[in-house]
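First up is the structure itself, then whatever we jot down about it.
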Amino acid sequence: MSAISALLDELSALLPPPTTPFMGSRSWQEVFAELGTELPADFVALIERYGNFHIVVQARDDHGRRIPTEYLSVRDPRAERSVSWAQAAIYHAERFQALPPFDRGPNLWPAPGGFLGWGTTTNGEWLGWLTQGPSDEWPVAMTRSGDRWLDEVAEISATEFLVNWLTGVPDFELPDLSADSPEAPIECRTHPLS
């Protein structure tokens, strides 16, 4: 069993994939050609197992009732939309580059070594990679709401990041999504229109 398969199995035990995942219709080769780079193999495997997904937290309202709150969204780069995954990444890069240098942080993809996002939270965090070196070695990084860069980088894969977060060993300052968290239970849901 490969390291990627083992991590995906661990993630699936913590957060079962949607029973009917929504998969994009484009090929990975089309996505890679549009991006001008391959994506990390673990992320490709993650999307092939989970599709277009949201992690939903069953938070409590003021009366103690559990209400589902979509927390993390991860979009299948192969999904057909009016704006492709690559076009959305370029839009984000242009928006960040328009900020004053103090606020904008490092370069964003497609600049060499730039940040390329793969997931967003309802709190405004943007998870992604620093595209340095071969794609399978890209470290995971995070920005915060308000378009301010926080220098939070972990030398791990996206799947390993999710496993760590769900086991209560988060790599970044994020709400506790582990099984012992007061925010539990959590579930993974598919969203064909994401």
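The values are calculated or read from the model by the stated rules, or taken from the named source; none is laboratory data. Being a predicted model, the structure only gives us computed values, none of them experimental. Here the Cβ positions follow ideal geometry from the backbone for every residue, glycine too, while neighbour counts run over all protein chains shown. The accessibility values were calculated without ligands, DNA or RNA, using every heavy atom of the protein model including side chains. Shrake-Rupley method; radii C 1.70, N 1.55, O 1.52, S 1.80 Å.
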Before we move on, is Leu127 modelled with pLDDT of 85 or more, among the aliphatic types (A, V, I, L, M) and either open to solvent by less than 60 Å² (accessible area, probe 1.4 Å) or touching a strand residue (DSSP E or B) at 6+ places or on another chain (Cβ under 9 Å) (or both)?
yes
Right, Pro134: surrounded by fewer than 16 Cβ atoms within 10 Å (Cβ to Cβ), modelled with pLDDT of 85 or more and not aliphatic (A, V, I, L, M) or not?
yes
Residue pairs, Cβ under 6 Å, 6 or more apart or interchain, first in the range 101-126 and within 17 Å of Leu177 (Cβ to Cβ) and small (Gly, Ala, Ser), second at pLDDT 80 or above and not in a loop (DSSP other than H, G, I, E, B). List them.
Gly119/Leu72; Gly119/Val74; Gly119/Leu127
Given the residues Ala141, Ala98, Ala184, which is the only one that is more than 27 Å from Thr19 (Cα to Cα) and modelled with pLDDT under 75?
Ala98
Just to confirm my filter: which helices (runs of 4 or more DSSP H) fall fully inside the range 1-84 and include at least 2 residues that are at pLDDT 85 or above, within 18 Å of Val163 (Cα to Cα) and small (Gly, Ala, Ser)?
3-14, 41-50
Take the residues in the range 13-57 that are open to solvent by less than 70 Å² (accessible area, probe 1.4 Å) and of a type in the set (Val, Ile, Thr); name whichever of them is nearest to Ala3 (Cα to Cα).
Val44
